[in-house]
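One structure is given here, and the rest of the page talks about it.
Taken together, the values in this text are just the output of simple stated rules run on the coordinates, not laboratory data. Since we're looking at a predicted model, the values are computed, not measured. Methodologically, a virtual Cβ is constructed for each residue, glycine included, from the backbone with ideal geometry; neighbour enumeration extends over all protein chains shown.
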Amino acid sequence: MSELSGPADHSLMRVSDGDREQAAEVLREAAGQGRISLDELDERLESAYAAKTYADLAAVTHDLPRSAQMPVPPVQGATQISRIGGTPRSKFSVAIMSGARRMGRWVVPPTYVSVAVMGGVELDLREAQFSEPVVTLHAYTVMGGIQITVPEDVDVDVSGMACMGGFDHNASGPGVPGAPQVRVLGFALMGGVEVRRKPLKKTPGKGGPPAAVEGSPQDAIEG
């Protein structure tokens, strides 16, 4: 597979925290101009901050004048370069009373395991290649934290559990047709697993940033 198709409906793309904040500013401005009441403002702000797609944001701003701050879905070209393929170099990260981080350009294996015991693990998939169309991330933490950042356009399925802790499912949802699928499983005991969607980092200059190493000096155990 060499290309990925763009989404059939851009309004169904996931929004970022910045998009939600932009919509909130539009609503506050409308309230200041007397276009909506303070009660309406509170109701719409609650809906805006809970929005998952651009269609959700449009539902609370559709009857207001167009504004330069109004969030709009990014227009994508007909194709994008495939991010599927490559040979993974590691399959796990373990942090015991320490920290492990994997970010930048790396290849996500079909199955990746993260373990944090009184420590923290950070996985950033925004610039990563995916070895297979479907990858599974196992996240297990005891009195620690695991943070997983995924691109906005991938398919995400979170089904982890927590006891006296938290396992965030808010990022679950479809991506663009043909995009990689990321499955997140695991368990958090007196700790937390956060899965969040964020846009790709802006690259300075034409050549983009230098390739990041697959780990950092904070890595505890990786392999």
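Observations on the structure shown:
- Stretched out straight at 0.36 nm per residue, the stretch from His138 to Leu200 would grow longer than its current Cα-Cα span by 20.0 nm.
- Separation of the Ser16 and Thr111 label points, Cα + 7 Å toward Cβ, nm: 3.4
- Difference of contour (0.36 nm per residue) and Cα-Cα distance, Asp157 to Asp63: 30.5 nm
- Other-chain or far-sequence residues with amide H under 5 Å of Arg105's (modelled H): Ala212
- Rough spin-label spacing in nm, given labels placed 7 Å along Cα→Cβ, for Arg28 and Arg126: 2.3
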